[in-house]
Amino acid sequence: MRLLVAIAALQAFFWLVMVPTIVLPGYDSPPLVEVEDFTFAAVAAPGADALPDADYQPAPREPLNLPVGYYAVRSTFTLDEVPEQGLAMLDQMSGDNMRLFANGQLFHAPGSMSLEEPSYHAYQREVLLVPPSTLREGENEITGIYLQTLPHELNFHPPVLGEYVALSDAARWRAFTIEEYRLITAVMVFVVTLFAGLAALRARDRDLPKWLFLAGAGWTAYNLFFEWLWLPLVGPGRGFYYGIATIFLAMAWAVFADAWSGKRLRLYRPAVFAVFGTGALTCFWAMFIAYSDTAFNVVETAVEWAGLTLAFATVARLVWHFATQRDERRYIEAAALVLLASMMAYHLITIILYDVNRPYLSATQPLVLLLLVIGFFQRNFALFRSREQLNEELAGQLAERTQELAVAHEREKGLLRDQARVEERRRIMRDMHDGIGSSLMSLLLGTRSGRMDSERMALGLQAAIDEMRLMIDSMDSMGDNLQTAFALFCERARRRCDDAGFAFACADDSGDNLPPLGARDILQVFRVLQEAVTNALKHSSGDRISARLLPDSVEIRDNGQAFKGPRQGGRGLENMEVRAQSIGATLTVDREGEETVVRLALPPAAAG
């Protein structure tokens with residue numbers, strides 16, 4: 001009962017909704033301009049200069065088989081007055097592309113009219129504007145030059161002409177169903193075809209989704225013949241593409257019907273493949289072996305007979321399935337396939353008995369494809385839902401684990417902070433003991449022994465003060481990069497130099513190309529620079545100090561006397577070397593011209 005309801009509902013939707021609105025939409029025609037004379041002629045070129053020499057003849061009422069070339073079609077009509085907005089034109093001629101002239105003036109020239117590299121804009125049906133500037137009161141003529149790249153029958157129909165606003169408004173929906181609707185359905189079918197293809201790759205039983213994918217691919221390939229205006233095929237190649245795409249689509253439907261039934265009929269598919277192979281070989285023979293002015297007619301005949309045979313096979317296979325499977329529960333898919341079968345049967349009857357090809361079958365196939373894909377995924381929704389539930393469970397476990405890791409990470413950071421504080425205390429105590437403590441103890445012992453004069457006392461106190469400053473600086477933030485630390489160093493060094501009567505210059509020539517050193521490494525660089533300036537102030541006997549930051553090094557220069565090696569008992573240079581080695585840097589002291597240069601080369605790996 002549910003199956004019958006689904007079939008009846010879909011049939012009613014198609015005949016009562018789709019046919020009057022999409023398949024064969026009518027429109028209230030406004031007053032039209034009568035075409036009084038309708039003639040045609042073969043021309044040598046697609047330009048206006050070829051029209052005066054054209055030998056026009058009355059256009060035939062029946063299709064006329066014409067070879068490859070250009071054909072001019074002239075429509076003559078009379079206007080009592082020129083419409084203010086011009087005329088609307090619905091071109092009804094067949095061909096591959098066209099140029100349209102009104103009273104000799106070009107008003108529509110899409111794409112290419114080259115016989116070797118044409119475009120196919122004549123398949124793009126739209127309401128065209130004949131500008132009022134190209135019209136006149138009294139007799140007018142509109143001439144279209146049509147390109148034909150395949151020898152086949154050309155249908156002659158005069159254009160529909162009317163006042164632009166009235167006719168374009170009346171025919172807008174019909175134009176939409178002819179052009180935009182076909183493009184929209186082609187895109188939709190292409191998208192659902194991709195989903196079917198993905199399902200075929202992942203499914204255990206790939207037969208059904210594979211042929212659903214191939215049916216959608218066949219429909220897409222068929223539509224490309226009409227929608228791809230710059231299809232890179234011409235002549236025999238284009239004719240063969242049309243034939244093979246059309247027959248392939250019919251073959252895909254026939255095999256899909258067998259795959260959908262779930263029980264393959266013996267010899268059914270080999271027979272379907274045989275029909276497809278016969279039609280394809282016929283198209284190949286006509287287009288590439290026995291090509292002539294009637295070759296495309298052979299292709300169209302092969303397409304017609306192969307298509308009819310495969311449509312009959314599809315209908316018969318579905319009838320057999322429903323006759324033997326009375327408990328069918330795939331309601332949406334079954335209703336869609338019954339609609340397809342009924343349209344194929346209707347197509348067969350109208351072609352065989354009345355030689356009329358109505359667009360019902362072509363309009364049905366996108367709807368059937370969409371419903372089949374919906375039904376397929378609906379049947380597999382339980383599998384997708386179980387996967388979704390599994391994903392939700394895994395996501396919950398992941399969130400819980402992430403929270404635990406975040407708590408552990410915070411605890412670890414706290415431990416690292418506490419450890420860093422302990423290490424910092426130890427460092428400060430060690431520096432105080434080895435640096436300031438040692439210096440003050442030496443001063444105390446020298447004073448008690450009476451062997452230290454005032455000058456040595458002053459130097460010792462200055463050394464203790466310098467050591468204290470280094471300790472204070474080490475406890476301050478050096479910034480998060482070497483440039484920031486260097487700027488802070490320059491600010492403090494300038495004050496010390498000014499107090500000592502030295503000129504001080506500072507330059508940052510690193511160009512933002514410095515290595516990303518850590519905070520502890522930056523601190524070591526800072527202390528090396530501080531020690532270098534302290535040594536220059538104490539021992540250089542000069543009056544100028546400069547600091548310079550380079551991409552791979554940092555240097556301190558002074559204009560004092562030449563460096564003659566470490567002083568006896570001095571630890572400054574030794575401390576600087578130890579600090580440099582701790583970060584993988586290299587410390588050198590050289591004489592360049594009249595200057596002593598202390599250079600700290602940054603680690604090569606870091607600088608790179």
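The values are calculated or read from the model by the stated rules, or taken from the named source; none is laboratory data. Note that the structure is a prediction, hence the values are computed from the model and not measured. With ideal geometry, Cβ positions are generated from the backbone for all residues, glycine too; neighbour counts draw on all protein chains shown. Note: areas computed on protein heavy atoms with side chains; ligands, DNA, RNA excluded. Shrake-Rupley method; radii C 1.70, N 1.55, O 1.52, S 1.80 Å.
Scanning segment 367-398 for residues that are aliphatic (A, V, I, L, M) and at pLDDT 65 or above returns 367, 368, 369, 370, 371, 372, 373, 374, 394, 395, 398. Looking at 449, 438, just one residue is among the hydroxyl-bearing types (Ser, Thr, Tyr), modelled with pLDDT of 70 or more and open to solvent by less than 60 Å² (accessible area, probe 1.4 Å), and that residue is 449.
Would you mind stating whether residue 278 is within 15 Å of residue 150 (Cα to Cα) and either open to solvent by 60 Å² or more (accessible area, probe 1.4 Å) or in contact (Cβ under 8 Å) with a residue 60 or more places away in the chain (or both)? No. Before we move on, is residue 122 among the hydrophobic types (A, V, I, L, M, F, W, C), surrounded by 20 or more Cβ atoms within 10 Å (Cβ to Cβ) and under 34 Å from the mean Cα position of the chain (by Cα)? Yes, satisfied. Filtering segment 177-212 to residues that are over 22 Å from the mean Cα position of the chain (by Cα), buried (at least 16 other Cβ atoms within 10 Å of the Cβ) and assigned to a helix (DSSP H, G or I) leaves 177, 178, 181, 182, 199, 200, 207, 208, 209, 210, 211, 212. Those strands (runs of 3 or more DSSP E) of segment 113-174 in which at least 3 residues are of a type outside the set (Phe, Trp, Tyr), closer than 30 Å to residue 232 by Cα and touching a strand residue (DSSP E or B) at 6+ places or on another chain (Cβ under 9 Å), considering only elements entirely within it, cover 127-130, 138-148, 152-154. Just one of (1) over 27 Å from residue 315 (Cβ atoms); (2) outside any helix (DSSP H, G or I); (3) of a type outside the set (Phe, Trp, Tyr) fails for residue 237. It is (2).
Residues of segment 100-119 that are closer than 26 Å to residue 166 by Cβ and either under 35 Å from the mean Cα position of the chain (by Cα) or not small (Gly, Ala, Ser) (or both): 100, 101, 103, 105, 106, 107, 108, 109, 110. For the residues 68, 23, the requirement of being more than 19 Å from residue 151 (Cα to Cα) and among the hydrophobic types (A, V, I, L, M, F, W, C) singles out 23.
Which of the residues belonging to segment 214-234 are in contact (Cβ under 8 Å) with a residue 60 or more places away in the chain, closer than 26 Å to residue 373 by Cα and open to solvent by 20 Å² or more (accessible area, probe 1.4 Å)?
Filtering segment 214-234 down to residues in contact (Cβ under 8 Å) with a residue 60 or more places away in the chain leaves 215-216, 219, 226-231, 234.
Those left that are additionally closer than 26 Å to residue 373 by Cα: 215-216, 219, 226-228.
Those that are in contact (Cβ under 8 Å) with a residue 60 or more places away in the chain, closer than 26 Å to residue 373 by Cα and open to solvent by 20 Å² or more (accessible area, probe 1.4 Å): 226, 227, 228.
Within segment 152-170, residues that are over 20 Å from residue 297 (Cβ atoms) reach partners that are in a helix (DSSP H, G or I) and not hydroxyl-bearing (Ser, Thr, Tyr) with beta carbons closer than 9 Å, at six or more positions or on different chains, in the pairs 160/167; 160/171; 161/167; 162/170; 162/171; 164/132; 168/175.
In this structure, residue 322 does not qualify as aromatic (Phe, Trp, Tyr) and closer than 30 Å to residue 280 by Cα.
Sub-9 Å Cβ pairs linking a first residue in segment 1-20 that is touching a residue at least 12 places away in the same chain (Cβ under 8 Å) to a second residue that is in a loop (DSSP other than H, G, I, E, B) and open to solvent by 30 Å² or more (accessible area, probe 1.4 Å), at least 6 apart or interchain, are 2/329; 3/329; 3/330, ordered by first then second residue. Looking at segment 235-254, can you tell me whether even one residue there is surrounded by fewer than 18 Cβ atoms within 10 Å (Cβ to Cβ) and in contact with a helix residue (DSSP H, G or I) (Cβ under 6 Å, 6 or more places away or on another chain)? No - not one qualifying residue is present in segment 235-254. Within segment 490-516, the set of residues being in contact with a helix residue (DSSP H, G or I) (Cβ under 6 Å, 6 or more places away or on another chain), outside any strand (DSSP E or B) and either hydrophobic (A, V, I, L, M, F, W, C) or farther than 20 Å from residue 585 by Cα (or both) comprises 493, 500, 514. Report yes if some residue within segment 27-44 is hydrophobic (A, V, I, L, M, F, W, C), open to solvent by 30 Å² or more (accessible area, probe 1.4 Å), free of Cβ contacts under 8 Å to residues at least 60 places away in the same chain and more than 16 Å from residue 141 (Cα to Cα); otherwise report no. Yes - at least one qualifying residue is present in segment 27-44.
Test residue 53 against the criterion of being assigned to a loop (DSSP other than H, G, I, E, B) and farther than 19 Å from residue 163 by Cβ, and give yes or no. Full working, then the answer.
On the way: assigned to a loop (DSSP other than H, G, I, E, B): yes; farther than 19 Å from residue 163 by Cβ: yes.
When the stated conditions are applied, residue 53 passes them.
Restricting 597, 528 to those that are at pLDDT 80 or above, open to solvent by less than 40 Å² (accessible area, probe 1.4 Å) and either in contact with a helix residue (DSSP H, G or I) (Cβ under 6 Å, 6 or more places away or on another chain) or among the basic types (Lys, Arg) (or both) reduces the list to 528.
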